[in-house]
1. Using every pair of alpha-carbon atoms in segment 67-253, split the distances into 10 Å bins beginning at 0 and state the percent of pairs per bin, rounded to integers.
2. Tell me, what is the percent relative contact order of segment 67-253, built from C-alpha pairs under 8 Å that lie six or more residues apart?
3. Rounded to whole Å, give me the distance from the Cα center of segment 210-234 to that of segment 108-126.
4. Less than 17 Å from a label point 7 Å out along the Cα-to-Cβ axis of residue 89: which backbone N atoms in segment 145-183 qualify, by residue?
5. According to the Kirkwood expression over distinct Cα-Cα pairs, how big is the hydrodynamic radius of segment 106-147, in Å?
6. Neighbouring Cβ atoms within 10 Å as the yardstick, rank 111, 154 fewest first.
7. Hey, rough spin-label estimate for residue 243 and residue 33, points 7 angstrom out along Cα→Cβ, what's it come to in nanometres?
């Protein structure tokens, strides 16, 4: 990795009025009012889909090809999820930096969603430890491309293609405090493990005060009513200690190859 430092700016702030749609950069008047995901999922356009949707299949296919081709030789990696809204002064930001650093020291690449906040923190830790810092970005109206600590980045139009890359190339997940997007990624991972669509892998929740209420609800309400099994909760590891989080990943699968 180059010793060159990333550009200096306040983390999480836009460089300009810009939208990254796959490999294409759009600025100012060229920024569309909707995203590719939004246009795909809108079902009230009559017969327009006959002309548009079949061609979208080719674009979706290209995202899978690009992702597989870029990440196939990545090596052992761990995904770190968390909120794009996490501020520099939030303890979760420092936690993310430490997690990224420790993962690299254990021989893992760090994969995040490539955005600001907690994602930026984990990428920063990996960058400063001179490891592989990966960002899987997504086209959103309020995002402005990958954070400056990403060395290997892919921009996706479609959430589902991006999720496949997280799951296929990560050997475990570390989840920092986050909102709906983080919860979506967390519960999708748990669901796929529960249904044995993927082999089991460790899922670490970082931030005891933040996640304890969710775990209590899962145990006292969801489990109590028989909606899940005890093993579904047992697969979730709760800690405040970055060293313990990384140790849980390493212990589960053994040292990286």
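1. 10, 41, 37, 12, 1
2. 21
3. The two parts, judged by their Cα centres, are 28 Å apart.
4. none
5. Numbers: mean 1/r = 0.0962 Å⁻¹.
It is 10.4 Å.
6. 154, 111
7. The two pseudo-label positions are separated by 5.6 nm.
Laboratory data are not the source of any read-out in this text; all were calculated from the coordinates shown. No experiment lies behind these values; they were computed from the predicted model shown. Here Cβ is always computed from backbone atoms with ideal geometry, including for glycine, and neighbour counts include all displayed protein chains.
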